[in-house]
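First comes the structure, then the notes that go with it.
The values are calculated or read from the model by the stated rules, or taken from the named source; none is laboratory data. These numbers come from a predicted model, not from an experiment. So basically every Cβ, Gly included, is an ideal-geometry build from the backbone, and we count neighbours across all protein chains shown.
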Amino acid sequence: MSEMKGESVSSTIEAAVRVETKRQPLPPRERLQQVFDIRDLTAIYGSKPALKDVSMEVYKNLVTAVIGPSGCGKSTFIRCLNRMNDLVPSFRQTGTIRYHGQDISGRDVDPVAVRRTIGMVFQRPNPFPKSIHDNVAWGLKVLGMKDNLSDRVERALTQAALWDEVKDRLKASALSLSGGQQQRLCIARAIAVEPDVVLMDEPASALDPIATQAIEQLLHELKGQYSFVIVTHNMQQAARVADMTAFFSISRGEEGERWGELIEYDATEKIFTAPSDRRTEDYVTGRFG
Amino acid sequence: MTSLDATTDAARRPFPGRRARFGDLILQGTAGIAAVGALVLVGLIVWKIASGARPALHAFGLPFVWHVVWNPVHGREAYGAGSFLFGTAVTSIGALLLATPIALGVALFLSELAPGWIRGPVTALVETLAAIPSVVIGLWGILVLAPILRDHVDPALHSTIGFIPLFGPSSYGSNVFTGIVVLTIMILPIIASISRELFLTVPQELKEGALGLGVTRWEMVRGVVFPYAGGGVAAAMILGFGRAVGEAIAVALVLGDGLGIHLNLFDTGQTLGGKIALNYQGSGSGLETSSLIYLALILLVFSILVNLLAQLIVRRAARRKGLAA
Amino acid sequence: MSAVELSPLHRPQDRLRRRRVFNRGMEALAWLAAAIAVFFLGVVVWSVAQRGWSQLNLDFLTKSQVQFEPAVPQGLANAFAGSLVLVGLATAMALPFGILIAVYVNEFAPRPIRSAIGLTLDVLAGVPAIVIGFFVYGLIVVAHGQSAYAGAFALAVIMLPFVYRATVEVLALVPNSLREAGLGVGAPRWRTTLGIVLPQTIGGVLTGTTLAVARVAGETAPLLFTCSLAPNGIHWNPSGAIQSVPVAVFELSDSAEPSDHARAWAAALVLILFILVASLTARWLATRSKRKIMRAGR
């Protein structure tokens, strides 16, 4: 882990500088519209806290990256945002997550409704064992979006930059696609049902560089319509795609217990060029661990 | 002895190739013979049953299979499997129809719904139900279940939905319907426990992929779990069906040993296995015994086909999944 | 409800309320199915326990059956003794045979033969027990008459696939590093197999055998034609027919005599208790042996 980081120091900074010149400047934060307003979020598996006291906002039509060393709770964090952690029996959380002003972490909120509006793309491509077409169409059918089904499927596949590759074999099994294509299919599946936010949990970690590039390109093109939160362990990726970046790290208690914490959250270029916390600087320059 | 001695010793020792290989040959030979023995055993079963049935095959030919007659009176002897084949089909299909939805419900409950503390005990209970011997279920069926069905359930079904010919007038507790219920209890845990294991093999990632779209748990089950485990569930149903078809003891006790083809579930009936079981004291003529073996031959052929079919489905599903991984 | 309607999560075309109700309904049906299964088990066990318990006395366990003498205190000691002999003999036949087949399949056999034997034993496992009984009838009984040997052989044929499958499954779990370690110190293959690989599987084989014994102890069908016409009294000699618990239950439950029914219930209770104990033992053995193999693999 640490060796890998060491090698990529200079390229990280280079990439960050390149991004800086390419990216449009962010408007001031108070002019941005909030999607999530997270206050004092603490997440606990069994008796072990995975995450403590996270407070941050996520803004509309931006790509927000969550970076940090493994075990810092970044996956736990985004799984809280669409109630995916409800599936873990021993999971508990405290604090509030307001989505457009409504607290979605309460028991009275149906997680099905939450996930329907806040979609997710997972670490490993997980297409259903169905045809390419049915992978996208299934969610649409179940959710009652049956009008213009084939148009919707085509639009989603086009948005996910997959249409040209699969338009001649929509009936073929999704499992016959390459890993990168499968992941884009999963993105198409997620955006076909027109969510408001798309959460991505290390979507490129199992992919080769070319497939990764395709997905990053796609984020740039789609963020006008959706808001993205992307977890990544790849700092260059965060520097390339994200407008805002949150850096999580591991804190240790007196009795050796460990939990994740939000260290710093700011515009991506600030995080990578002028971080205000020493730990962030150590991490983005590769001195961590 | 110093370590130096040991190394020189070992170095000087010639390679003991032959003796070691002799031991290998013996083990491999014995084990191989045992394996061939298994093949021979199955062949022997087929051959013995077929040759035992030969006199009846000779006397009645293939029409035996559908002839509805069983007359052991000397001089007018005539035998046919039709009635028992019908009884077997009705009881087994009825049991499969009743058991499958319940078994799938149990399997879903145990793999998806049950809270942790309830999961282990109920799984163990379902497996215990599978372990109860058929003779005990039969005993319970004839002495407890049959009177209850006769006095309460059968008349109620007849008076409410009696216009369907299946639910005709009832007179005995030992009837086809009781047999269906008994077989249902016997195959329910088989289908349930295989299905439960299959549902547990559905990758969590797939389930999360579905739930992440904002579908309900049932929609996830229908869209992901069922298609993924579909082939295996079909194989489980086939195995359960095969078990019901081959069951002899429990149905022999509760069916009332009737002859003939009729739609009324509340009338007596008989199955292939039950007919064989009830004649174990072997007082009949040679031709009757041979005819009973003919019934066994039908069961044997059917059971082999059913198992090959189930294996085929399982292997095909496994190959498909291997492609997926 | 209006709070939910106004919520940013609300999407009218989802028909979420309807789907939620449907989901609840299906979940309730699954709970109901589980309840039905547990209910049937409970009813069967309760019926047997309630009716059999009062009969379980010393006479029942120590005296044997005497037909046509209802006044004499009767028990099923002859059936217990017979079942012991039958199941013991069957295990002695099936266990070495099944283990050897599994050793051949997992350690020596080329791939096509491996799947052919696996398939054959799967088919054998699916052959109805009554057909196995008839097979042994034709093979042995026609020429030599009924005997405990014949009955035990029929039971052994039923046990064989169980023992085989249990052994082959644990053999496959034994890590290859152990085999290599054995061969690596220069031990020949047969010594490695018998001395290092097979001992690892003892727990799993015991589990499978215990389950097979539990299954076979309750089998009636294979005994009807091979070992059912037993003389009165306790017999230990397997060359003649001997009574067994499942056959006794079958005969007694078909009788018209209420006192016979009472003894059938008691025998059924003994059978169920035995099977419960065996299943629990198997479960315990299984968790223990799995832990042991895991440790050896590390």
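Observations, loosely collected:
Matching residues to (1) among the acidic types (Asp, Glu); (2) assigned to a helix (DSSP H, G or I); (3) within 25 Å of the chain's Cα centre (by Cα):
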residue	(1), (2), (3)
B:LEU139	no, yes, yes
B:ILE142	no, yes, yes
B:ASP151	yes, yes, no
B:ASP154	yes, yes, no
B:ILE180	no, yes, yes
B:ARG196	no, yes, yes
B:ALA210	no, yes, no
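- Residue, nearest to the chain's Cα centre (by Cα), within the stretch B:111-126, restricted to residues that are within 8 Å of chain C (Cβ to nearest Cβ) and closer than 23 Å to C:ILE275 by Cα: B:VAL126
- Within the stretch B:109-133, the set of residues being aromatic (Phe, Trp, Tyr) and farther than 11 Å from C:ALA34 by Cα comprises B:TRP117 only.
- Residue tally, condition in contact with an Asp or Glu (Cβ under 8 Å, 6 or more places away or on another chain) and either farther than 27 Å from A:LEU26 by Cα or among the β-branched types (Val, Ile, Thr) (or both), over the stretch A:74-102: 7
- Output for the stretch A:112-133, where each listed residue is surrounded by fewer than 21 Cβ atoms within 10 Å (Cβ to Cβ) and more than 8 Å from chain B (Cβ to nearest Cβ): A:GLN123, A:SER131, A:HIS133
- Unmet criterion (only one of (1) crowded, with 18+ Cβ neighbours inside 10 Å; (2) at pLDDT below 90; (3) within 29 Å of A:ASP282 (Cα to Cα)) for A:ALA214: (3)
- Single residue of C:TRP236, C:TRP190, C:TRP265 found to be more than 19 Å from C:PHE134 (Cα to Cα), among the aromatic types (Phe, Trp, Tyr) and surrounded by fewer than 19 Cβ atoms within 10 Å (Cβ to Cβ): C:TRP236
- Just so you know, in the stretch B:279-311 the residues that are outside any helix (DSSP H, G or I) and in contact (Cβ under 8 Å) with a residue 60 or more places away in the chain include one that is surrounded by the fewest Cβ atoms within 10 Å (Cβ to Cβ), and it is B:SER285.
- Of all the numbered requirements in (1) farther than 13 Å from C:ALA94 by Cα; (2) touching a residue at least 12 places away in the same chain (Cβ under 8 Å), C:TRP190 misses one, and that requirement is (2).
- Any hit, the stretch B:256-271, residues being part of a helix (DSSP H, G or I) and within 24 Å of the chain's Cα centre (by Cα): no
- Selection count, the stretch B:111-141, where residues are within 22 Å of B:PHE241 (Cα to Cα) and of a type in the set (A, V, I, L, M, F, W, C): 11
- Residues satisfying the stated conditions in the stretch B:64-84, i.e. in contact with a Leu (Cβ under 8 Å, 6 or more places away or on another chain), surrounded by fewer than 21 Cβ atoms within 10 Å (Cβ to Cβ) and in a helix (DSSP H, G or I): B:VAL65
- Residue match in the stretch C:220-227 (condition: more than 12 Å from chain B (Cβ to nearest Cβ) and in contact with an Asp or Glu (Cβ under 9 Å, 6 or more places away or on another chain)): no
- The residues on offer are C:LEU285, C:LEU280, and the sole one that is out of contact with any Lys or Arg (no Cβ under 8 Å at 6 or more places or on another chain) and within 10 Å of chain B (Cβ to nearest Cβ) is C:LEU280.
- If the condition is being within 29 Å of B:SER290 (Cβ to Cβ), more than 7 Å from every other protein chain (Cβ to nearest Cβ) and touching a Leu at 6+ places or on another chain (Cβ under 8 Å), then the stretch C:90-141 contributes C:ALA90, C:GLY133.
- Restricting the stretch C:228-248 to residues that are part of a loop (DSSP other than H, G, I, E, B) and facing chain B (nearest Cβ under 9 Å), the residue that is nearest to C:ILE275 (Cα to Cα): C:SER228
- Search result, residues across the stretch A:250-289 that are in a strand (DSSP E or B) and touching an Asp or Glu at 6+ places or on another chain (Cβ under 6 Å): A:SER251, A:ILE263, A:GLU264
- Helices (runs of 4 or more DSSP H) (entirely within the stretch C:77-161) containing at least 2 residues that are more than 22 Å from B:ILE249 (Cα to Cα) and touching a residue at least 24 places away in the same chain (Cβ under 8 Å): C:77-103, C:111-126
- Residue within the stretch C:142-150 that is facing chain B (nearest Cβ under 8 Å) and over 20 Å from B:ALA296 (Cβ atoms) present: no
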